[in-house]
Structures are given as structure tokens and as C-alpha cells.
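A quick write-up on the structure given underneath.
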Amino acid sequence: MMVSPMDRNEPGAGERAARARTRRIWLIIGSLGGLGFVAGFATAMFEKDTPGMFPGALPPAFAIAMSIVLVVAILIGSWRYFVAIDEVERQNNYIASTWGLNFYLLAYPVWFLLWRGGLVAEPMHETLFLATVAVMMAVYLWTKFRN
């Protein structure tokens with residue numbers, strides 16, 4: 001008598017493929033996170049004793065190198081990530097990206113106009129960037145775990 005893999009409690013082909021896809025996704029996210037950590041650590045080496053996120057100027061060669069690393073990492077990382085995920089995950093990312101872009105399209109021009117009108121301080125670009133990322137992450141998590 002032949003024993004099937006289900007009878008032996010072994011994962012089937014679909015479960016193995018899902019686990020492999022999950023490993024690929026975490027490898028991509030971990031690689032990008034590690035690259036970001038190294039880039040952030042290297043950038044922090046140029047900080048001065050003054051307050052602020054980036055109070056001192058960066059050397060031009062370092063700024064160019066980090067810009068190239070950022071562009072390449074985001075382009076390749078995003079492409080690899082979107083190839084690895086399924087259609088439900090892709091839809092969650094589309095929704096989060098749309099909300100993040102809409103947040104930025106509202107927040108920056110309003111802050112800019114209020115600043116030009118003398119009502120508020122100049123827009124803080126780092127704050128707007130981090131707020132946009134926070135909105136995208138919050139919407140992504142909400143769409144992923146709302147059920």
C-alpha cells in the first residue's frame with residue numbers, strides 16, 4: 001500500500017512553494033533593511049555636535065554614492081519584491097502606496113502655502129517624508145490584517 005505525503009504529515013508542493021516565497025520575501029526585506037542600516041550608520045558618522053537629523057554637510061562623493069545606492073536598492077528591491085509577492089499582497093501595496101501619495105499631495109502643498117503666507121514654519125522635509133512612510137505602513141497593515 002502506498003502512503004501519500006498527507007498521511008505522513010509532510011507539506012505538499014503548494015505549502016513548500018509558499019514557504020519558499022515567504023523566505024524570498026523576508027530575504028529581500030532583510031537585505032534592504034541591512035543596506036539601509038549600513039547607509040544610515042555611515043551617514044551618522046558625518047554628524048556634528050549640533051542638533052537636527054542631518055546638521056552637517058556631507059562630502060559630495062559620499063552624497064553621490066549614497067544617492068546611487070538608494071536608487072539602485074529601491075529599483076532592484078522593489079522589482080524583486082513585486083515579483084515574489086502574490087496578487088493579494090500586491091493589492092495591499094497598491095492601496096498603501098496610493099494613500100501615502102495622496103497624503104503627501106495634500107500635506108506638502110498645504111504646509112508650503114501656509115508657510116508662504118507666514119502662518120507656519122518652513123516645511124520640514126524629513127518630517128514629511130517620515131509621515132508619508134508612516135501613513136503607507138499604517139494603511140498597509142490595516143489592509144493586510146483587517147479581516
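Working note: Karplus 6.51/-1.76/1.60 with θ = phi - 60° gives the stretch 20-28 the couplings 5, 5, 4, 4, 4, 4, 5, 5, 5 Hz, where Gly and Pro are set to x. In order along the stretch 89-101, the Karplus-derived 3J(HN,Hα) couplings, from 6.51 cos²θ - 1.76 cosθ + 1.60 at θ = phi - 60°, round to 5, 4, 5, 4, 5, 4, 5, 4, 5, 5, 5, x, 5 Hz, and Gly and Pro are given as x. One entry in [x] -0.56; [y] -0.84; [z] -0.62 is log10 I(q)/I(0) by the Debye sum over Cα atoms at q = 0.13 Å⁻¹ calculated from the shown coordinates; its label is [y].
For the chain, the solvent-accessible area works out to 77 Å² per residue, with a probe of 1.4 Å and every protein chain left in place. Carbon-plus-sulfur accessible fraction, the chain (probe radius 1.4 Å, protein heavy atoms only): 71%. Rounded to whole numbers, the Karplus 3J(HN,Hα) couplings from phi for the stretch 102-117 are 4, 4, 5, 5, 8, 5, 5, x, 5, 4, 4, 5, 5, 5, 5, x Hz, using 6.51 cos²θ - 1.76 cosθ + 1.60 with θ = phi - 60°, and x at Gly and Pro.
The values are calculated or read from the model by the stated rules, or taken from the named source; none is laboratory data. Note that this is a predicted model, so its numbers are computed, not measured. Areas reflect the complete protein model, heavy atoms only, side chains present, ligands, DNA and RNA absent. Shrake-Rupley method; radii C 1.70, N 1.55, O 1.52, S 1.80 Å.
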